[in-house]
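One structure below.
The values are calculated or read from the model by the stated rules, or taken from the named source; none is laboratory data. Model, not experiment: these values are computed from the prediction. Neighbour counts run over all protein chains shown; Cβ positions are idealised from the backbone, glycine included. Note: areas computed on protein heavy atoms with side chains; ligands, DNA, RNA excluded. Shrake-Rupley method; radii C 1.70, N 1.55, O 1.52, S 1.80 Å.
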Amino acid sequence: MNPYQADEPDNPASHETKRISGVKMISAYLQRAIETGAYSEGERLPPERKLAENFNTARSTVRRALDKLEKEGLVSRRLGSGTFVGTLSDTAKKPVDFIGALSPLELIDARVAVEPFTARLAAQHADAQTIEELEALLASAEATGDQDAFAKCDGEFHLLLARASGNPFLIHVFRQINHVRLNPKWGAIKEDVLTPEAIAEYNRQHRAILDAIELRDALLAQKRMIEHLDSARSDLLKVLNP
C-alpha cells in the first residue's frame, strides 16, 4: 500500500506530503507510514528520486532522512536494489503472537484505558508542527469516503496524538495497538463498522479532539477522546451483536 494517499493513482504526492520538508519531518512521516502499515515489513520504498519529488525537496535531504531511519533499524539499504522496510523487532511482534486470543472488544477497551489521557497530554505538549500534521491528516480523512483510506488516516491520527503526548511508553503502547489493527481479521470488522455515516461521525469527533488540542484545553481533549472511543465501542457492539 502506498502511504501517500494520492488524489490521482499515478501521482503519489498529496497535499500533505508537499508541505513536508527537512530531514526530521521526512523521517518522522516515513516512520509513521511504516508503523501504521502503509509500508509493510520487507516492502521496497520508492526510490530517492521519487521521494524527493513527492516531498518537494532535494535528494540529499531524503538520503539523510533514510540514513536516520536505517540507524534506528526501521529500514535497510541494499546496494543496487533500494531501501526496504526492516524486520520488526521481537517486541513489536509480540502483539501478533496473541492476536488470535484478543477480541475486538478487548482491544477497544484497552484504547479507552490509554488514549483519553494521551489526548490530555497531547493538548499540553503538541507543538505547532505536530498540530499542522494533525490538520493535514484530518483534511485527508475528511476528503475521502473510502474505508481503507480513512482507516489509514485514522491510525496515523491516533499515532500522531500519541507522539504529541511526549511520553515514550504511551507511544510504544499505541504502536502495539496499530500492529494488532493490521491483522487481517480486523479487515472484515472494518468493512461492517466503517459505514459512510460512521466515517463522517468519526471525522467530526476527530475534529472536536483536535479543536480542544489547539485550544490547549487538556480536560476537554480527554473528554472528547472518551466520547469518541465510546462511540466506536458502541458501533463495534452493534456489529458483534446484531
With all protein chains in place and a 1.4 Å probe, R163 shows an accessible area in Å² (nearest 10) of 70 Å²
Nonlocal amide H pairs with V75, under 5 Å, H built at 1.01 Å = E70, G86
Segment L105-R77, length gained on full extension (0.36 nm per residue, minus Cα span) = 6.1 nm
Gain in span if fully extended, E132 to R216, counting 0.36 nm per residue against the direct Cα distance = 28.8 nm
If the viscosity is 1.002 mPa s and the temperature 20 °C, what translational diffusion coefficient in µm²/s does Stokes-Einstein give for segment 100-242 when Rh comes from Kirkwood over Cα pairs?
-> 142 µm²/s
Mind ranking 107-119, 70-82 by how tightly packed they are, going by the mean number of other C-beta atoms within 10 angstrom, highest first?
-> 107-119, 70-82
